[in-house]
Amino acid sequence: MDITAVNALNYEDFVSIFGNVVEKCPIITAAVWSRRPFVTLNALEAAISEFIDDLPESGKEGILRCHPDLAGRDLQSGTLTRESREEQARAGMDALSSGEASRMSRLNEEYKTRFGFPFVICARMNDKANILRQLTERCGNERAVERERGIEEVKKICRLRLQGLVLCDAPNKL
Ligand SMILES: NC(=O)NC1=NC(=O)NC1=O
């Protein structure tokens, strides 16, 4: 699908295709539909980013709370979205040793207790070791710092999900 086809979508199809570029936050996609036509994929990504940046702190924290824990109960119970399942698998979250899994679980709980929202990182840009290192380090940050850092990671996840939806078809249309 190229950007011309994206701009031609009605809002039902737009939300149906792009509704999970920000995990479990289709309202963001539904809202930015009004900003079409998007000149490029980057313009669509920028519209999403601007919508997020304009939210109050509670809205940003709400977005973070829609993200499943890495190697958490959703992964264990098979209830991850397709996108999250693929992302977590690529980062090796489904192949942790029992020691690594219990460390992830403990650190995730510590992080959530401290901040009131989950640790979010773009799994596709990190491996297992770096995720554990980042989780350990970021637990020591201030809440405001982690709110912004988590949103930065949400935007990276969103960019990669958008590229998978719009660019991946492009090579087929030689
Ligand atoms: N808590 C998280 O960071 N979750 C996730 N990051 C990803 O890249 N995919 C997820 O499900």
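Values in this text are rule-based calculations from the coordinates and carry no lab data. For clarity, every value in this text was computed on a predicted model and none was experimentally measured. No Cβ is skipped: glycine too gets one built from the backbone with ideal geometry, and neighbour counts run over all protein chains shown.
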In order through the stretch 91-97: 3J(HN,Hα) via Karplus (6.51 cos²θ - 1.76 cosθ + 1.60), integer Hz, x for Gly, Pro
8, x, 5, 9, 9, 7, 6
Once you list every other residue whose beta carbon is under 9 Å from the beta carbon of residue 146, what net charge do they have if Lys and Arg are +1 and Asp and Glu are -1?
+3
Averaging sequence separations of C-alpha pairs under 8 Å and six or more residues apart, then dividing by the length of the chain, give the relative contact order as a whole percent.
29 percent
Given the candidates 118, 162, 76, the one whose Cα lies deepest towards the positive end of the charge dipole of the chain, counting +1 at each Lys or Arg C-beta and -1 at each Asp or Glu C-beta, is 76
Under the rule of at least 5 residues apart or a separate chain, name every residue whose amide H is placed under 5 Å from the amide H of residue 22.
none
Relative contact order of the stretch 71-174: what whole-number percent is it, with Cα pairs under 8 angstrom and at least 6 residues apart?
25 percent
